[in-house]
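**Q** Below are the structure tokens for one structure; questions will follow.
The values are calculated or read from the model by the stated rules, or taken from the named source; none is laboratory data. In this text the structure is predicted, and so the values were computed from the model without any measurement. As a convention, Cβ positions derive from the backbone with ideal geometry for all residues, glycine included, and neighbour counts pool all protein chains shown. Just the protein is used for accessible areas: all its heavy atoms, side chains included, with ligands, DNA and RNA removed. Shrake-Rupley method; radii C 1.70, N 1.55, O 1.52, S 1.80 Å.
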Amino acid sequence: MNKFKNLGLSDDLILLLSELGYKEPTKIQSLSIPLALMGRDILGCAQTGTGKTASFVLPIIEILNNQKSKARMPRSLILTPTRELAEQISIYFKKILKNNKLNFCLLIGGTALTDQDKLLNKGVDILIATPGRLIDHINRGNILFNDLKILVIDEADRMLDMGFIPDIDQISENLPKIRQTLFFSATLNKEILNIGKRFVINPKLIEVSPPSSTSNTIDQYIIKCNNKNKLNTLENILSNIETKNTVIFCNRKKDIGSLYTALKRRNISSIMFHGDLIQSKRQEALREFKNGNNKILIASDVAGRGIDIENISHVINFDVPINPEDYVHRIGRTGRAGKKGTAITFVLKKDTKYLQEIEKLIKMKIKIFNINLEEKKIQDYEFDTLYESNQIPNFLKR
């Protein structure tokens, strides 16, 4: 029996979900969808990989199908911090809107404004946009929001990190005051809650997991090393793990290029992915990675929340993230949809304070191993311990 029936969705939508292989809602979906269908505002907290997208996509489709549109003006707006996340949401809508008269438009950078103008002039029901590009269209006078019923603000904490909150304030001034707002964030700290309350009215607070927790489907490990053996250690791991797809995170964009070149010299093929690449190059990189043409993606934190790709078996933090919350989002690329994943973080001596902040945030000690593969506390051995390629432990061979 398809358990989506208990959420108040229509038979047609439930049948489509069943055809797509969706049998049972996740916790965030079970809690959010009935409330959204009732018209309630929501402040939702859900860690990455919990099925959050469906928790607002499905109610939007259900609500708009039961209402009449006026002059084809947009009736729903979804704001996301990155192009990649906006594209992921549009892909989901494309699947769910099969045989449905509702349509959507994607407003992101990398596509000509004039091309997007043509789509808007035809009339759309659902807008999926990044804040900057939407403001461009608002300033051009291309969009009327008189009939807007639902606003979704997704990845609100990332919006804050990227400085988009003033843009969202500006956008909100152009929207009807009476509307339904669904506000989602991976964390709901005091600052995010205060921001959220500016956009919602009498919201229902939903938290499906402790703020900034990590999934129990991910095996987490650290490797202590120094600058001299760090690259050799990475080469040993990449040469020995059985990976479906691996994402390697660096803190700085310039280091992505350096690592890409260093691995290429060692005959290890990889793909670069960061915010300075033009949109066509970023899309090409994701296509290659998704299709399995190249199993290693070297990325900046733009991929920490911006990509949703199945079968990522390993995440490697070549650099310890300075912001502990970025650790949660990085490793959340693996261990999705109940599958097992492995996260490995390289720690230099100078990174110890950042590691401690991460462990404080996720409320757990991350396991480490040394050359003898014995899990010990971080202070139990030296940072210059060499890691031998013939000692790859079983947990890496996922």
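**Q** Are there helices (runs of 4 or more DSSP H) fully within region 70-148 with at least 1 residues that are closer than 18 Å to residue 54 by Cβ and open to solvent by 30 Å² or more (accessible area, probe 1.4 Å)? List them. Working first, answer last.
**A** Working: elements: 83-96, 113-122, 131-139.
Per the criteria, 83-96.
**Q** For the list (1) over 20 Å from residue 80 (Cα atoms); (2) without any contact (Cβ under 8 Å) to a residue 12 or more places away in the chain; (3) of a type outside the set (Asp, Glu), I need the number of the one condition that residue 230 fails.
**A** Looking at each condition in turn, residue 230 falls short on (2).
**Q** If you scan region 22-54, which residues turn out to be among the aliphatic types (A, V, I, L, M) and within 12 Å of residue 208 (Cα to Cα)?
**A** 28, 31, 43, 46 - these are the residues of region 22-54 that are among the aliphatic types (A, V, I, L, M) and within 12 Å of residue 208 (Cα to Cα).
**Q** Applying the selection to region 76-107, what residues are free of Cβ contacts under 8 Å to residues at least 40 places away in the same chain, within 22 Å of residue 144 (Cα to Cα) and not aromatic (Phe, Trp, Tyr)?
**A** 90, 101, 103, 105, 106, 107
**Q** Output yes when any residue across region 55-68 is β-branched (Val, Ile, Thr), open to solvent by less than 50 Å² (accessible area, probe 1.4 Å), touching a strand residue (DSSP E or B) at 6+ places or on another chain (Cβ under 7 Å) and part of a helix (DSSP H, G or I), and no when none is.
**A** There is at least one residue in region 55-68 that is β-branched (Val, Ile, Thr), open to solvent by less than 50 Å² (accessible area, probe 1.4 Å), touching a strand residue (DSSP E or B) at 6+ places or on another chain (Cβ under 7 Å) and part of a helix (DSSP H, G or I).
**Q** Could you list, in sequence order, the residues of region 1-38 that are assigned to a loop (DSSP other than H, G, I, E, B), free of Cβ contacts under 8 Å to residues at least 12 places away in the same chain and either more than 22 Å from residue 150 (Cα to Cα) or of a type in the set (Ser, Thr, Tyr) (or both)? Please lay out each step first, then the result.
**A** Step one: of region 1-38, the residues assigned to a loop (DSSP other than H, G, I, E, B) are 1-2, 8-10, 20-26, 38.
Still in the list and also free of Cβ contacts under 8 Å to residues at least 12 places away in the same chain: 1, 21, 38.
Across region 1-38, the qualifying residues are 1, 21.
**Q** Restricting to region 170-188, what's the tally of residues that are part of a loop (DSSP other than H, G, I, E, B) and surrounded by 15 or more Cβ atoms within 10 Å (Cβ to Cβ)?
**A** Qualifying residue count for the region: 5.
**Q** Can you work out which of the residues in region 157-169 that are modelled with pLDDT of 90 or more and part of a helix (DSSP H, G or I) is nearest to residue 97 (Cα to Cα)?
**A** If we take residues in region 157-169 being modelled with pLDDT of 90 or more and part of a helix (DSSP H, G or I), then 168 is nearest to residue 97 (Cα to Cα).
**Q** State which residue is farthest from residue 318 (Cα to Cα) when the search covers only region 242-267 and only residues that are of a type in the set (A, V, I, L, M, F, W, C) and surrounded by 16 or more Cβ atoms within 10 Å (Cβ to Cβ).
**A** First, the residues of region 242-267 that are of a type in the set (A, V, I, L, M, F, W, C): 247-250, 256, 259, 262-263.
Cutting the leftovers down to surrounded by 16 or more Cβ atoms within 10 Å (Cβ to Cβ) gives us 247-250, 256, 259, 263.
Values: 247: 10, 248: 6, 249: 6, 250: 6, 256: 10, 259: 9, 263: 13 Å.
Step by step, filter region 242-267, then rank; the result is 263.
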